[in-house]
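Here is the structure we will look at.
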Amino acid sequence: LIWIKSIKFNKMTNTHFRAKSNGVWVYGYLYNNFDRGVNQTFIVRDNEDTGTGEHILVDSNTTGISICTMLRDKNGNFIYEGDFLRDDETLEDGETITSFYPVVYNAATGCWCIDNSYYKNHSHLVPIIDYFGSDMLVDGNIFDNPDRLPKMTFDGIKDIYEINKTLSNESDLPF
């Protein structure tokens, strides 16, 4: 006699992907009909009433194609790749510092992470659950709020290069 433990899963919804098409976010399945001789990608939204799907073409007017992590924030909203998770930290003097961390997929570990690096260049990825636990809050995304990403400037690199070159020449070092 084998006992099988029943596991209750949350009902899967038809919002596994999202994309911004002509300024409007659409949610549904990602579908490509390359097998029919035409290479077009669609977001397909099911219409529960009629049993048909609405096809939204993913084209040059479409941005922000993101997959759902199937995790929810503390308000019950699904978390998608590219969302910003908000972290409010209160200092000893009562001042609150707000930070935003983009959600990314780490293929090396197979888990959803936040990009905790300064320049948000995926150099320091931390699993979402390890960082936030259950206190996650979605607040915007990298497509609607790109101003939250730090700007990398390379203006000072030329100056540093010139200084290093001058120092190297004066010290007779080979580099």
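What follows is calculated from the coordinates using simple rules that are stated; it is not laboratory data. It should be emphasised that the depicted structure is a prediction, and the values quoted were computed from it without experimental measurement. Every residue, glycine as well, gets a Cβ built from its backbone with ideal geometry; the counts of neighbours run over all protein chains shown.
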Surrounding charge for I79, neighbours by C-beta under 9 angstrom, Lys/Arg +1, Asp/Glu -1, total -2
With each label point set 7 Å from Cα along the Cα-Cβ vector, what nm distance links I129 and N145? 2.5
Size of the dipole of the stretch 81-126 about the Cα centre, Lys and Arg at +1 and Asp and Glu at -1 on the beta carbon, nothing else charged, in debye to 20? 360
Can you pull out the GluC sites (Glu not before Pro) in the stretch 74-128 that DSSP calls coil and that have at most 12 other Cβ atoms within 10 Å? E92, E95
